[in-house]
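Heads up, the thing below is written out as structure tokens.
The values are calculated or read from the model by the stated rules, or taken from the named source; none is laboratory data. A quick note: this is a predicted structure, and the numbers were derived from the prediction, not measured. Counting neighbours? That spans all protein chains shown, and the Cβs are built from the backbone with ideal geometry, glycine included.
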Amino acid sequence: MKQLSTAHLLGIKHLKKEDINLIFETADHFKEVINRPIKKVPSLRDITIANLFFENSTRTKLSFELAEKRLSADIINFSASQSSVKKGETLIDTVNNILSMKVDIVVMRHPNVGASMFLSKHVDAKIINAGDGAHEHPTQALLDSYSIKEKLGTVKGKKIVIIGDILHSRVALSNIFALQLQGAKVKVCGPTTLIPKYISSLGVEVETNLKKALAWCDVANVLRVQHERMDLNYFPSIREYTQLFGINKEVLDSLGKKIVIMHPGPINRGVEITSDVADSNQSIILNQVENGVAIRMAVIYLLAQQIKK
């Protein structure tokens, strides 16, 4: 049986193209499983997974939990807001306490960049990065690419524009790595204050005009403005942001071609995207949610195959 070339999923930049192909093939199988009347498989009955969320998350956390349940794994859920972390316990203490419960896989979201990498060096468990600061969010990028492939048949050669708050987004960086690895062309679009300086070093073009960006692309992946990560004002007002970078039906209809609309969620409806666009037949936002469970099942299953029981 084929295996991943890496012992953990810390970021897309640690994966090879063959790894992505293997994850997608495995996800195809699990997608068929989750559309059956009985949606469970007994694959991971002897595996214990700890979900450590040091930052709020609804969709990613639920998606991972559902994936784990569909695989019949035992689950420990840990939320930092209700834990001893509030009392000053360190990351390593928290994890060691959880590992003493004989945990095989740790899914972790943490506000600090590199937290999952740090963990992988200090604990004897498989680590899946569910988002570290504004750095990477590998399973989101995998499900985004998988959704593009499902809709357009391939990712190779497609033109994808990532629109919005690139600076504070872990989704953007992981997406850039994943899309380029599969041979797609990538541009970013947003206010210059929300585009990181290093972006051109990744071989990504910057387009500050939304209409030009949309006229160029096959797929627009729209990101929300992450106010919770901002310590200063990056643009004058939400109203101005929406006027310059918000996507509405009028903008889409003016293109003269059909493009695919994506969004990792949660959506600020009426800010970066209007409801009539989010809910239109050009949007694959709900497909992304469904594919998220299949992709996370695939990643967990493939890493679990490396565990010697």
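Quick look at the numbers
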| quantity | calculated |
| --- | --- |
| Residue satisfying condition, being crowded, with 20+ Cβ neighbours inside 10 Å, outside the structural domain of ASN56 (by TED's automatic domain parsing) and within 20 Å of GLN288 (Cβ to Cβ), within set GLY164, GLY153 | GLY164 |
| Hits in region 232-279 (condition: within 17 Å of ILE148 (Cβ to Cβ), without any contact (Cβ under 8 Å) to a residue 60 or more places away in the chain and part of a loop (DSSP other than H, G, I, E, B)) | LYS257, LYS258, ILE259, HIS263 |
| Scope region 269-295; condition within 23 Å of LEU244 (Cβ to Cβ) and either of a type in the set (A, V, I, L, M, F, W, C) or under 15 Å from the mean Cα position of the chain (by Cα) (or both); matching residues | VAL271, ILE273, VAL277, ALA278, ILE285 |
| Filter result for LYS39 (assigned to a helix (DSSP H, G or I), surrounded by fewer than 18 Cβ atoms within 10 Å (Cβ to Cβ) and not aromatic (Phe, Trp, Tyr)) | no |
| Any pair with Cβ under 8 angstrom, 6 or more apart, that starts in region 143-158 at a residue that is at positive phi and at pLDDT 95 or above and ends at one that is surrounded by 14 or more Cβ atoms within 10 Å (Cβ to Cβ) and not β-branched (Val, Ile, Thr) | GLY157/ALA184; GLY157/LYS185 |
| Scope region 178-191; condition in contact with a strand residue (DSSP E or B) (Cβ under 8 Å, 6 or more places away or on another chain) and more than 21 Å from VAL155 (Cα to Cα); matching residues | GLY190 |
| Every residue from region 1-15 that is closer than 16 Å to ILE295 by Cα and surrounded by fewer than 16 Cβ atoms within 10 Å (Cβ to Cβ) | GLN3 |
| Residue list for region 177-208, restricted to those being in a helix (DSSP H, G or I) and in contact (Cβ under 8 Å) with a residue 12 or more places away in the chain | PHE177, ALA178, LEU179, GLN180, LEU181, THR192, THR193, LEU194, ILE199, LEU202 |
| Unique residue being at pLDDT below 95 and surrounded by fewer than 22 Cβ atoms within 10 Å (Cβ to Cβ) when the list is ILE307, ILE285 | ILE307 |
| Residue in region 180-196 that is within 15 Å of the chain's Cα centre (by Cα) and not basic (Lys, Arg) present | no |
| Looking only at region 1-28, and only at residues there that are assigned by TED's automatic domain parsing to the domain that holds SER120 and of a type in the set (S, T, N, Q), the one that is farthest from GLY114 (Cα to Cα) | THR26 |
